[in-house]
Amino acid sequence: MISLDRYAALLAHPDLRATVLASVIGRLPIGITGLSILLLVQGASGSFAAAGAMTAAYIIGLACVAPLLGRIIDRSGPRDVLTISAVAFPGTLCALVLATHIAPDTLLSAVLAFAAGASFPPITVCMRTYLRQQLREESLLGAAYSLESVLIELIFIVGPMLVALLLAVVSADAAVLLAALCGASGTLLFLRSPALAHWHTEPHAASRQFGPLAGRDFTALLAVVLGYAAAFGLVEIGVTAYAAARDLPAMAGVLLALMSAGSAIGGLAYGSRSWAPPLTRQFAIALGLMGFGMALLALPGNVWSFALLSFLAGIVMAPALTMQAMLVARIASSRHATEAFTWSSTALLSGVGLGMALGGWLIERWDWRATFVAASIAAFSSGARAMSLRAPR
């Protein structure tokens, strides 16, 4: 049973409620950009390997630059970073659409995809740092991170559905341009939110050269995140290839949205109560269940059974992301909070990018089933490593 009491207590804070609402539009590109680039390049080049590589370039661009942005935000606040990204992100996406029609699988397209990722507005990590600054009670902070994960999953429901609609009615170009529009307008809206008005930086936030990476427990967590994020990337390109194999390419967005719907329900259930096992053990169990669910996607069946299995496979995704955020908040120093969350996101996105690139190769060499087998192995391996994590209470 899902209890909404904790979420009601959270949203009773007017500034918190206003900040969450202000962040929504600017984060819609999370659910739109990767899939729309994948479909844009695949449609122009006819190759899933090229499409996976371009999408990986976008995600790796985001992952490489995010920690630097996090350190800048810890030192001087988020306003300047967000203002620049509100211009650079939509500009590079528009250039990518033009370049893809000229030469879809060239270095220019890869550089533009990388630049789009590098300039992605860091609204999510700003939100997680803001929540840590405002909420001292762990039960409320856990509920807040669960709500964050659910919001991201809802974005992954709405985003792919919008991509599917635009692909069916207009083209993949329109989906990429929608991501550009949402990124620009949403970031400008977030700049006017209470989070920016109430943001505070701690002195000497950049006093350690390696920041949160100096901690062995934190780097061990990043290794776990990198592994299970690769499973996410493998599943995303695997679902896209499955839909294409069934001659229903627009169905990819629907299937990914169903997976996100399962994840959102799981996230709400997880954040609504306290759980007895230690957080690291909860994390390991969730990753083991994730591996099992992904393995089921490789089984033979029709589109309806695949849709049901997609929903079930998603149930533990948002809880795992919530546990990841809680572990970052516990392990990392408050002086490096934003940088720690960006490193966490970097590991997540790098894993997704690597998974998508590997998935494209597996599809070209075998078929879509190979991606789900590989995803299952990655999730199980990460769950085993999570058993050895240490986090202060």
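Data for the structure
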| item | result |
| --- | --- |
| Listed peptides 317-330, 275-288 by packing density, highest first (mean Cβ within 10 Å) | 317-330, 275-288 |
| The stretch 61-128 and the stretch 315-393: distance between their alpha carbon centers, rounded to Å | 21 |
| Environment charge at Gly301 (Cβ cut-off 14 Å; Lys +1, Arg +1, Asp -1, Glu -1) | +2 |
| Label selected from [x] 30, 61, 8; [y] 28, 56, 16, 0; [z] 27, 61, 12, 0, the criterion being P(r) over Cα pairs in 20 Å bins from 0, in percent as computed here | [x] |
| Exposure proxy order (Cβ contacts within 10 Å, fewest to most) of Val158, Val20, Val239 | Val158, Val20, Val239 |
| Ascending count of other beta-carbon atoms within 10 Å, so fewest first, for Trp361, Trp368, Trp304 | Trp304, Trp361, Trp368 |
| Cα gyration tensor shape for the stretch 1-116, rounded if a/c is under 1.5, else prolate or oblate | prolate |
| Local electrostatic count at Val20 - Lys and Arg +1, Asp and Glu -1, tallied over other residues with Cβ under 13 Å | +1 |
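Values in this text are rule-based calculations from the coordinates and carry no lab data. Here the structure is a predicted model, which is why all the values come from computation and not from measurement. Here Cβ is always computed from backbone atoms with ideal geometry, including for glycine, and neighbour counts include all displayed protein chains.
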